[in-house]
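The values are calculated or read from the model by the stated rules, or taken from the named source; none is laboratory data. These figures come from a predicted structure and were not determined experimentally. A quick note on method: Cβ atoms are made from the backbone with ideal geometry, for glycine too, and the neighbour counts reach across all protein chains shown.
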Amino acid sequence: MDETTQRDLQAVKEYLDASMTPDPVRAATYVAPSFICRFTGNRVFDKPSGPTSFNAARYKWVKKRIERYDVVPGKTETIVYSLGYLYGEWPDGTPFDNNRYIDRFTVRDGLILDTDVWNDSAEWILDPSVAR
């Protein structure tokens, strides 16, 4: 992995660490001024505090167990996928685990331009029998 790609991957790792703390102020240091987050349900946020606020309403607490990163270097941008599982507690205190997620990041010059977020939470809320 070349130096540019490694730097872009590190920006994603640091952003995710800050986001899961949660520390949206620190997370914001890893995003470009034009940052866009397309969150579950096609909610769009322009700051890392957007998903943090949404998660505060959806979960009592939530963390990511990151299984791997897939990195696609490009000429001017790096695409980084973070794959793994969410775990935590629903607002009523019921614990959950093994909730699949995928995050896709576009990174340029060490700053995250945009991210797309997918996970199984909505399905689990609609039909708890699918939670395993």
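Taken over the stretch 95-120, the criterion of being hydroxyl-bearing (Ser, Thr, Tyr) and touching a helix residue (DSSP H, G or I) at 6+ places or on another chain (Cβ under 9 Å) is satisfied by TYR101, THR115. Cβ-Cβ contacts under 9 Å between residues 6 or more apart (or on different chains), taken from a first residue in the stretch 1-16 that is under 19 Å from GLY84 (Cβ atoms) to a second residue that is surrounded by fewer than 14 Cβ atoms within 10 Å (Cβ to Cβ) and among the aliphatic types (A, V, I, L, M), are listed as LEU9/MET1.
Within the stretch 54-94, the set of residues being more than 25 Å from GLY110 (Cα to Cα) and small (Gly, Ala, Ser) comprises ALA56, ALA57, GLY88, GLY93. Among residues belonging to the stretch 1-43 that are among the β-branched types (Val, Ile, Thr) and more than 13 Å from the chain's Cα centre (by Cα), point out the one that is farthest from PRO73 (Cα to Cα). Here the residue is VAL25. Out of THR115, THR78, THR40, THR52, which single residue is hydroxyl-bearing (Ser, Thr, Tyr), in contact (Cβ under 8 Å) with a residue 60 or more places away in the chain and closer than 13 Å to LEU16 by Cβ? After applying the criteria, what remains is THR115. Under the condition of being farther than 23 Å from ASP70 by Cβ and at pLDDT below 95, the residues counted in the stretch 4-23 number 2.
Yes or no: ILE66 β-branched (Val, Ile, Thr), modelled with pLDDT of 95 or more and within 14 Å of THR115 (Cα to Cα)? Here the answer is no, as ILE66 does not meet what is asked. Scanning the stretch 49-87 for residues that are acidic (Asp, Glu) and within 11 Å of ILE102 (Cα to Cα) gives GLU67, ASP70. GLY74: over 30 Å from SER129 (Cα atoms) and not β-branched (Val, Ile, Thr), yes or no? So GLY74 passes the test. When the stretch 118-131 is filtered for residues that are surrounded by 15 or more Cβ atoms within 10 Å (Cβ to Cβ) and either free of Cβ contacts under 8 Å to residues at least 12 places away in the same chain or not in a strand (DSSP E or B) (or both), the ones remaining, listed by number, are ASP120, SER121, TRP124, ALA131.
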